[in-house]
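Following: one structure in structure tokens, then a few remarks.
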Amino acid sequence: MSAYAAVTRPPRTLTEKEVALLLRATGAHKEGFRDHCLYSLALASGLREHELVALNIGDIFDERGRARRYVALTIFKGCARHPEPQEVVLSDTVRAKLEKLLHVKRAQGHDVGPQAPLFLSRKGLRLSTRQVRHGFGVWQQRAGLDRHLNFHAVRHTACTGVYRRTKDIRLTQRFARQRSIDSTVIYTHPSDDELVRVTQELPC
């Protein structure tokens, strides 16, 4: 497949070190746990910011409060044109974090009914995409990252990670929920992590 001819600009991704720093910083602060779960879910599923903030309690949890392995989306990119629900698969690690988030929400007296938002703002309203972007910038600074990335880099990191682990473009396409494989080809580019590694090995 002549992948690189069709794609001139590789996606910006977080390195493994940057992911670790970000998750450590958000996980170390009580007020950061919501964002810790948000970033973990994005890294585990490749969900876009507007897909994340649209999630309700009932989308993620069953009636027993257990996080689902298969999550059906009703709000996703292109849902107005193609309304058939899409699905993402969640790992055991992120499911455990989400179940802890639900426990915290219950303890704080938040609505945990099926139609209640999964992620809330400090005012108790559904988190907005603008707030997600702002918070991501703040946490990058607090985590000590050397550069600033936009939130979409989290999705690029997740999708690139799937391709790096499998070298399977079709599996990556399914994970990314992209109708055309031409869109998925971007994730075959070397990641920022690989670029950092190879520069460390250069003689200088």
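The values are calculated or read from the model by the stated rules, or taken from the named source; none is laboratory data. Treat the numbers as computed from the prediction; the structure is a model and nothing was measured. Here the Cβ positions follow ideal geometry from the backbone for every residue, glycine too, while neighbour counts run over all protein chains shown. These area figures cover heavy atoms from the full protein model, side chains too; ligands, DNA and RNA do not enter into them. Shrake-Rupley method; radii C 1.70, N 1.55, O 1.52, S 1.80 Å.
Could you tell me whether any residue of region 64-86 is touching a residue at least 40 places away in the same chain (Cβ under 8 Å), not basic (Lys, Arg) and not in a loop (DSSP other than H, G, I, E, B)?
Yes - at least one qualifying residue is present in region 64-86.
Of a type outside the set (Ser, Thr, Tyr), surrounded by fewer than 14 Cβ atoms within 10 Å (Cβ to Cβ) and in a helix (DSSP H, G or I) - does that describe any residue in region 155-173?
Yes, some residue in region 155-173 is of a type outside the set (Ser, Thr, Tyr), surrounded by fewer than 14 Cβ atoms within 10 Å (Cβ to Cβ) and in a helix (DSSP H, G or I).
For (1) under 27 Å from GLU31 (Cα atoms); (2) open to solvent by less than 80 Å² (accessible area, probe 1.4 Å); (3) among the hydrophobic types (A, V, I, L, M, F, W, C), each residue gets a yes or a no:
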position	(1), (2), (3)
TYR70	no, no, no
ALA80	no, no, yes
GLU84	no, no, no
SER91	yes, yes, no
ASP111	yes, no, no
ALA116	yes, yes, yes
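Yes/no matrix, rows are residues, columns are (1) in contact (Cβ under 8 Å) with a residue 40 or more places away in the chain; (2) of a type outside the set (A, V, I, L, M):
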site	(1), (2)
HIS134	no, yes
GLY137	no, yes
PHE151	yes, yes
ARG165	no, yes
ARG174	no, yes
THR188	yes, yes
VAL198	no, no
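Being in a helix (DSSP H, G or I) and touching a Ser or Thr at 6+ places or on another chain (Cβ under 8 Å) is the filter here, so list the residues in region 13-34 that pass it.
Listed by number, the residues that qualify are VAL19, LEU23, GLY32, PHE33.
Could you check how many residues of region 38-67 are of a type in the set (D, E, K, R), touching a helix residue (DSSP H, G or I) at 6+ places or on another chain (Cβ under 9 Å) and surrounded by 16 or more Cβ atoms within 10 Å (Cβ to Cβ)? Walk me through it before giving the result.
Taking region 38-67 and keeping what is of a type in the set (D, E, K, R), we get 48-49, 51, 59, 62-64, 66.
Restricting the remaining residues to those that are touching a helix residue (DSSP H, G or I) at 6+ places or on another chain (Cβ under 9 Å) gives 48-49, 51, 66.
Now drop any that are not surrounded by 16 or more Cβ atoms within 10 Å (Cβ to Cβ), which leaves 48-49, 51.
Residues that pass the stated criteria total 3.
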